[in-house]
1. Report whether or not MET1 is buried (at least 16 other Cβ atoms within 10 Å of the Cβ), of a type in the set (A, V, I, L, M), assigned to a loop (DSSP other than H, G, I, E, B) and at pLDDT below 90.
2. Among the residues of the stretch 346-363, how many are more than 16 Å from SER328 (Cβ to Cβ) and either part of a strand (DSSP E or B) or not β-branched (Val, Ile, Thr) (or both)?
3. So, in the stretch 316-332, exactly how many residues are assigned to a helix (DSSP H, G or I) and of a type outside the set (Phe, Trp, Tyr)?
4. Which one of SER214, SER189, SER207, SER195 is out of contact with any Gly (no Cβ under 7 Å at 6 or more places or on another chain), crowded, with 20+ Cβ neighbours inside 10 Å and not aliphatic (A, V, I, L, M)?
5. Go through the stretch 277-309 and report how many residues are within 23 Å of the chain's Cα centre (by Cα) and not in a helix (DSSP H, G or I).
6. Can you find a residue that is in a helix (DSSP H, G or I) and outside the structural domain of ASP367 (by TED's automatic domain parsing) anywhere in the stretch 35-48?
7. Quick check on this structure: which one of ASP21, ASP59 is assigned to a loop (DSSP other than H, G, I, E, B), more than 22 Å from SER189 (Cβ to Cβ) and in contact (Cβ under 8 Å) with a residue 40 or more places away in the chain?
8. Would a scan of the stretch 175-193 turn up a residue that is in contact (Cβ under 8 Å) with a residue 40 or more places away in the chain, of a type in the set (Gly, Ala, Ser) and in a loop (DSSP other than H, G, I, E, B)?
Amino acid sequence: MATPHNPFILGHRIRRPYFCDRLSEQQKLTSAVINGRNVVLISPRRMGKTSLVYVSLHDSPTFQQDFYTFFFDILQTNSLSEFTYLLGKAIFDALNSRSTTMVRKFLAALKSLSGEFGFDPVSGSPTFSIQLGSIKHPEYTLSEIFSFIEQSDKPVVIVIDEFQQITKYPEKNTEAILRSHIQHMENASFVFAGSERSILQEMFVSSKRPFYNSADIMHLDPIPEHLYVEFAARLFAERGRSVDEQSVRWAFSLFEGNTFYMQRTLNGAFADTPEGGLCDHNTVVRSIKGMLAANEVIYREILANISVSQKAVLYAIAHEKCVEKPLSAPFIKAYSLPSASSVQSAINRLTVSGLITKTPEGYALSDPLLRIFINSLYSVPEL
């Protein structure tokens, strides 16, 4: 693999040399999977959980050689049929690059879709040419997929990102359907990753839910600040540049340890720093302002499409950064909000839309850059 000019990689999964720390999390995750345990990996969006899984379970020589690892993200799915389609495609794509024999066995196992697959006219290799509408009976197709996995010639790891999405499917028994298959599997381990902490904890901790007590739970907290600062300084130094470490600390605090935005900030700052030069505070600020400008149209559209009451609550939470008791009289009075019931309704809608999230500390905006944008509109600049 070629060495990238800019070490703060964007747009695709980050590989090990450019991945910051998470050594203890890598060890816990790989140990659980190798020993046949399922894992629930919970963290806010854009905190690096996907990269952690990829570095731990894909870059590792052990997993590349001895396991089949299938990744798929279900955030945008709305039904069990879509889930089944993406699982099937993830398996096909992963096997297609490793074992023609296993690809053919996989397609042969999908008897409910036997007439839907095509073949490349030049190589004769099978192609995943089915359409979403081809999956008429997802429960049957899922059963065929899981039966194939049990017969695989190597142990399997299945990583499902944003797993809490299945609770929003119209098929209300989705959890039970998946659990009925997974609990009997001896040749596969599962990593259920997600960003909605309360939903995932309810799914796996409540004795009333099908997935109760079926997986180890891992919470992914922000990387310690000093480790990230050391990481950033090293990557700059390796390419003949230096960075003002205090400015990295400032940005880390601004984004509350969100590695996605730190990566984007330092990617822009690195690009703006000539070889032999210093990335100073102004360079870091320019990079963040560039991100704000690039997202301004999207953010204004988001704000234009929520109600006045939702907007008032969103702005108040943005100003506070995190609100432990949004229904309290002092908070409502400080921001001239309507009644507690109106605030609760707004919070419910903002949570469902993904604009705010509930953390152990309270309610906060899911997107820290949106928080900075909102505060800049109302004369509370953070830059």
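1. In short, no.
2. Result for the stretch 346-363: 10.
3. Of the residues in that region, 8 qualify.
4. Answer to the selection: SER195.
5. Number of matching residues: 0.
6. no
7. ASP21
8. Taking every residue of the stretch 175-193 in turn, none turns out to be in contact (Cβ under 8 Å) with a residue 40 or more places away in the chain, of a type in the set (Gly, Ala, Ser) and in a loop (DSSP other than H, G, I, E, B).
The values are calculated or read from the model by the stated rules, or taken from the named source; none is laboratory data. Remember, predicted model here, so these are calculated numbers, not experimental data. Note that each Cβ is placed from the backbone with ideal geometry, even for glycine, and that neighbours are counted across all protein chains shown.
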